[in-house]
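The values are calculated or read from the model by the stated rules, or taken from the named source; none is laboratory data. These numbers come from a predicted model, not from an experiment. Every residue, glycine as well, gets a Cβ built from its backbone with ideal geometry; the counts of neighbours run over all protein chains shown.
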Amino acid sequence: MSDEPFDNFRLSLMQDFLPVSLAMVERARKGGPSKLIEAFTNSDDPFNELRLEGEPVAKTVREKLDQVSPGLGNPVMSVKVDVNTDIDESEPIFDEESLIEVLDRIENRLEELEQHFQNEGPTISSPSSEKE
């Protein structure tokens with residue numbers, strides 16, 4: 001049996017119900033029932049307004065739930081990933097000649113860096129061990 005309906009319900013609780021209910025509780029705490037009813041009478045979309053109002057506190061609650069158990073406050077969404085395994089193995093991904101050119105270029109730049117540092121002080125390969 002799939003847990004998807006349960007996961008969808010939990011996600012809805014965390015993203016919709018929790019912020020709205022926290023905003024409603026805060027309004028009731030600060031202004032009493034009249035302040036709570038005001039949200040429904042003065043707005044065209046009261047639930048969206050309450051959701052936005054309660055989101056900062058809900059985010060904190062979700063983060064604390066995640067500290068108890070990862071994924072509890074911020075449910076993990078399942079993702080379907082398709083991997084293309086059709087690789088033409090007859091042709092190498094890189095050719096040896098190009099790789100050697102790149103490695104030679106890297107080696108030359110490292111030598112230039114080392115010469116630069118030799119002119120200014122201790123080298124990269126042999127740091128100064130003189131401590132007085």
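Observations on the model:
- As for the range 89-112, it holds at least one residue that is surrounded by 10 or more Cβ atoms within 10 Å (Cβ to Cβ), in a loop (DSSP other than H, G, I, E, B) and either modelled with pLDDT under 90 or not small (Gly, Ala, Ser) (or both).
- Selection status of VAL79, of a type in the set (Val, Ile, Thr), closer than 30 Å to SER12 by Cα and either at pLDDT 80 or above or surrounded by 10 or more Cβ atoms within 10 Å (Cβ to Cβ) (or both): no
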